[in-house]
Amino acid sequence: MKSKPVSASRTVMTDLVLPPDTNNYGTIFGGRVMAYVDKIASIATMRHARMPVVTASSDSLDFLEPIKAGEAIRLEAFVTYTHKTSMEVFVRIESENLMTGQVKQTGASYLTFVALGPDGRPAPVPGVIPETEEEKWHYQTAPARFEYRKQRKMERLAQNERTSR
């Protein structure tokens, strides 16, 4: 299977934050941001694999700044690393004040998705070729995150086994 450049998966989504999207402080609900993150990560990984995908894990979602009603939320996602059937995707979240043009990074997240073949089982995915310095950094640091996820999953499975007896 031929590897693909990161740019093949790069996806951008922008939306206007309206009052129904916000909490009593006038800032976007965290759950709304989480839904956007999962959606854009799904699109980026489907673009890379050209197969259906499912979310396998979310490492983190770090909220750095609030996004206010009337601002635009902008998300950018791209596949940073692949393993046999899984893909790590990075999502950057920004806000834009549409009156001033000020853009701020408001969050970031890493997620893992698994590609599914026609039988609904995990299927092999193409490798990834980083091109920019940012992409190379994500790619070079990905194996450590992969090992951390694997260890975390093993610990949670063991804990689940202990508590379900």
**Request:** Enumerate the amide H contacts of Ile67 below 5 Å, restricted to partners 5 or more residues apart or on another chain; note that Pro and chain-start residues carry no placed amide H.
**Result:** Ile28
**For the range 113-146 and the range 1-64, distance of Cα centres in Å** = 16 Å
**Percent of Cα pairs exceeding the 26 Å cut-off, where the set is the chain** = 35 percent
**Fill in**
Taking R0 as 22 Å and r as the Cβ-Cβ distance between Val54 and Glu131, the FRET efficiency 1/(1 + (r/R0)^6), rounded to the nearest 0.05, comes to 0.20
**Request:** For Tyr81, list long-range residues whose amide hydrogen, built 1.01 Å from N in the peptide plane, is under 5 Å from its own amide hydrogen.
**Result:** Glu88
**³J(HN,Hα), Karplus 6.51/-1.76/1.60, whole Hz, each residue of the range 55-67, x for Gly, Pro** = 6, 9, 6, 10, 5, 5, 9, 9, 8, 9, 8, x, 10
**Prompt:** What's the lysine pair count for the chain at a Cα cut-off below 14 Å, pairs eight or more apart or interchain?
**Reply:** 4
**Message:** Nearest 5 percent is fine: what portion of the DSSP beta bridges confined to the chain is antiparallel?
**Reply:** 95 percent
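Readers should treat all values here as calculations from the given coordinates under stated rules, not as data from a laboratory. If you're wondering where the values come from, they're calculated on a predicted model, not measured in any experiment. Positions of Cβ are backbone-derived with ideal geometry, glycine not excepted, and every protein chain shown enters the neighbour counts.
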